[in-house]
Structure formats: structure tokens, C-alpha cells
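Trainee: Shown below is the structure under consideration.
The values are calculated or read from the model by the stated rules, or taken from the named source; none is laboratory data. As the structure is a prediction and not an experimental result, all values here were calculated from the model. Cβ placement follows ideal geometry from the backbone for every residue including glycine, while neighbour counts extend to all protein chains displayed. Please note that ligands, DNA and RNA were not included when accessible areas were found on the heavy atoms of the full protein model with its side chains. Shrake-Rupley method; radii C 1.70, N 1.55, O 1.52, S 1.80 Å.
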Amino acid sequence: MRTKITTLIIVSFLVSVGCFAKGTGTLANPYSAAEACKAVEHLTWTSNKDYESTGEVYVKGIISRIANGGTYSEGGSYGNASFHIKDKGGNQEFYCFRVLYLGNQKFQEGQGDIKIGDEVIVCGKLMNYQGNTPETVAGNAFLYSIDRISGSGTLADPYSAAAACKAVENLTWTSITEYESTGEVYVKGIISRIANGGTYSEGGSYGNASFFIKDEVGDQEFYCFRVLYLCNQKFEQGQTDIKVGDEVIVCGKLMNYRGTPETVSGNAFLYSLNGIINSGTLTHPYSAADACKAVKNLTWTSNTDMFYIKDEVGDKEFYCFNILYLDNQPYQEGQGDIKVGDLVIICGKLMNYRGNTPETVAGNAYLYSIDRISGRGTLINPYSVAAACKAVKNLFWMTNSAYESTDEVYVKGTISRIVKLGTFAHHVLYQGRSGR
């Protein structure tokens, strides 16, 4: 009996001092405040320029004290804050000195101030200042999350769903025309619920959709209300419907509608859908990477609708298989061969051949343009200016009477310069010219 009691006492003691589930300083398993203190206890400090520090680690704790009355202005124009954190039920504090805001950005006017009791994760380098103060290295640490809320609302570091909710919690709403909103921000999350069965038609002729997103961890939802499609365009028939489980980044203004955090109707759009940024239209063609993602989950026997593909940068390759020439016509003898380095737009259907090769459907795709050159010189499909220049590139000229020319063609463009403004004299002036 005594043995059992002793064992229970020992186990209870070990749990209380944190001997189980020790933090490793990673994001998945951050240091506790006590562990952060211990991690630096043997680091040397000689001066502000001569000291040892850890590499970049994560520390998690509850804010227990804050400098300068608990506002970010403690750092003044530096845009940082200093505060102490400790563990739940513990007394040992770790000093977070001159820490930047979420996303490793400066604190800005209007951002919610940190407060005592907030649970935070801080990311940065740690030191043992003057050999007796465990703290972050000034200018080398930032708030990774506040109460599991991460992100700063930028494209590089979008809000989480929870962060978006927190960002609007103090915004006022009086009526549909009288309310406060954020500026344009980015919010990233996983679609958890969709109105009207998960199709864009929820917005009807408005071409928008409404859905909820949440983070990978946590149940808090943010409402994306009447959001437009990729590239800030309306949803169109035939575009892939959004579905529960899709990862999206939404760009737009946020509000607190009658206590419901959501996007401002008509002021938000899908910036990305499962990593795809462009919509596959002529005005917003897929990049090669987008095209690969668009067919990633297609079975070998299926294909998508007609999309346009263009890419200027990036290493991701997309296979254009059995492509026809400009204007969806067969290649003809004498037409310029394509070459490595040409910038092209392809229009056609896409597939995932054998489940591992993203490519065009054979016989169902063609070159829409080469090096931004489009058109075939017909009235229905006139040459672009670039196409007209390319069409005569290899024609020879010796004199005004000895030269090669094309047949009669049509060229479409915007007048950029006029030699003799507003008159037909330009034509007369150069009649019978002998040279330039």
C-alpha cells in the first residue's frame, strides 16, 4: 500500500514540474516559458555585441506582464513590444524583449494590443542577457500566434480564419450602409460549409458564392459572403465549383455584420483556390503551374473544359500534346516553327494522362498566340501588330519596286503615332520616295 502511494506522489510531482512531454522548441512542440529559460541558462553574454544565442525556436506561454501599460507603443517607432510570459500554473517568467507583431511585421496603429492573459507563441532567437535574464534577442523575434490566431492579413502572411474573426471583433455595425470595415486583407482557410449545395449559383446572376472557412486546427469559422471568383471575376458556368475541403485565400474587406465576422458583400474575391491563382480565361490564363494543379485530381478518362495557359516564369512544366496552330488550324508548310523560349498561350481541354502527366487532350487544343502574336490576317481574325511584324520578318527588300510582300491581309491595332497630324499628307509626302 505504501509503495502505491509513493508512486502516485512521484508521478504527481513529475507532472507538476513538467518532466513529461517536454517542448523541443519546434512549432509542433514549442518550449514552455520554463523550458525557454532553461535552454539559455548556460549561454554566455559579454556585451550587446558579444553573446551566444540559440537558433530560431518557438516558445509558448501566457502573457503575465507588459511594458508601458500593455500597448505595442512600448517600442515606439520601432513597432515592437516587450512582455513576460509564464506557463499555466507556473511562476517562472520568460522575457519577450522587443518582439515584432504577427507575420514578423511591425505593430501598426489600430491593431489589437496584446493583453495580460493572452496565450501566445513567440518565434525567434533566445539569449541569456547579462548572464541572468533569459529573453529573446531584440529584433530577432516575433509573435507567431495570439490565442492560436496567426497571420497579419498580408498576401505573404494571410490571416487565419480565427485571426480574421479577431480582426473585426471591435468594428461597429449600425446598418447596411453604416458600418466599419478593414482595408483590403487576405484570409486563408479550409472551406467548411457552403450555401446552396456548394455551387457558385448561390449568388445567382450575381456570379458569387458564400461559404465558411476555418483553420486546420480549431472550430472557429469565418463567413465569406458573396465572394467573387478568381481574378475578381464573376463565377461563370462550367468553372469548377468550390467544395468543402478546398483550401482558399480570400482577398477583400472584412466587417462585423451584426456580430458575424464576414467579408463585405461585393468587396471580396477568391485570390487562390487549392493553390490556383488564375481563372483559365483568355484575360487571365492559367500559368503552367496552375494548369498542372487544375488536373491534379482528374482521373485518366476525364478532362476539363476549355482553358487558356500561359507562363513566363517558374520551373513547373505542363505538356502541350498534339497542339494545332494559330486559329485552331493545322500547321502548314512555311509557317514559322515554334522554338524554346517562345511565350505562348494555349487554348484547349486539359487532362491528367495516366494519372501522372498533366497535358492537353490530343486534338483538342491549339496555339492561341506566340510571343503575344495572335491572329491569321483574316477579317474575322486579323493580325495583331506583333503578328504583322512577324509575318514580314523574313521578306526581302532591295528597292521600292523590288521586294516581297504578303497577300492582302487585315491588321488590328491602336494608333500610337501620326506623322502628319490630322491630314492625309503623310501618304502624299512619301509617294515616289527613293529611300529613307
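Trainee: List the aspartates and glutamates whose Cα lies under 16 Å from the Cα of Lys349, skipping any in the same chain that are fewer than 8 positions away.
Mentor: Within the straight-line limit of under 16 Å, Lys349 reaches these aspartates and glutamates: Asp290, Asp305, Asp327, Glu359.
Trainee: Can you give the accessible area of Lys390 in Å² (nearest 10), computed on protein heavy atoms with a 1.4 Å probe?
Mentor: 80
Trainee: Collect residues whose amide H, placed 1.01 Å from N in the peptide plane, falls under 5 Å from the amide H of Ser287; neighbours closer than 5 in sequence don't count.
Mentor: Under 5 Å from the amide H of Ser287 lie the amide H atoms of Asn278, Lys310, each far enough along the sequence or on another chain.
Trainee: Taking square-rooted eigenvalues a ≥ b ≥ c of the alpha carbon gyration tensor, is the stretch 228-286 rounded, prolate or oblate, where a/c under 1.5 means rounded and, failing that, a/b exceeding b/c means prolate?
Mentor: Prolate, because a/c is 1.5 or more and a/b exceeds b/c.
Trainee: What accessible surface, in Å², does a 1.4 Å probe find on Glu236, ignoring ligands, DNA and RNA and rounding to the nearest 10?
Mentor: Solvent-accessible area, nearest 10 Å²: 100 Å².
Trainee: Residue-wise, which Karplus ³J(HN,Hα) couplings in Hz belong to the stretch 28-34, taking 6.51 cos²θ - 1.76 cosθ + 1.60, θ = phi - 60°, and x for glycine or proline?
Mentor: In residue order, the calculated couplings are 5, 9, x, 4, 7, 4, 5 Hz.
Trainee: Report ³J(HN,Hα) in whole Hz for each residue of the stretch 89-96, in order, from the Karplus equation J = 6.51 cos²θ - 1.76 cosθ + 1.60 where θ = phi - 60°; Gly and Pro get x.
Mentor: Karplus-based 3J(HN,Hα) across the stretch 89-96 equals x, x, 10, 6, 9, 10, 8, 8 Hz.
Trainee: Where only protein heavy atoms count, and the probe is 1.4 Å, what is the accessible area per residue for the stretch 213-332 in Å²? Please list the in-between numbers first.
Mentor: Working: 6520 Å² over 120 residues.
That works out to 54 Å² per residue.
Trainee: Turning to a different aspect of this structure: Only Lys, Arg, Asp and Glu count, each charged at its Cβ (+1, +1, -1, -1), so figure out the dipole size of the stretch 233-278 about its Cα centre, rounded to 20 debye. Each step should come with its number before you reach the end.
Mentor: Values: 4 positive and 5 negative charges, 42 e Å.
With only Lys, Arg, Asp and Glu charged at Cβ, the dipole is about 200 debye.
Trainee: Under the rule a/c < 1.5 gives rounded, and otherwise a/b versus b/c splits prolate from oblate, where does the stretch 227-348 land using the Cα gyration tensor?
Mentor: On the way: a/c = 2.66, a/b = 2.32, b/c = 1.14.
Prolate shape, in that a/c is at least 1.5 and a/b is the bigger ratio.
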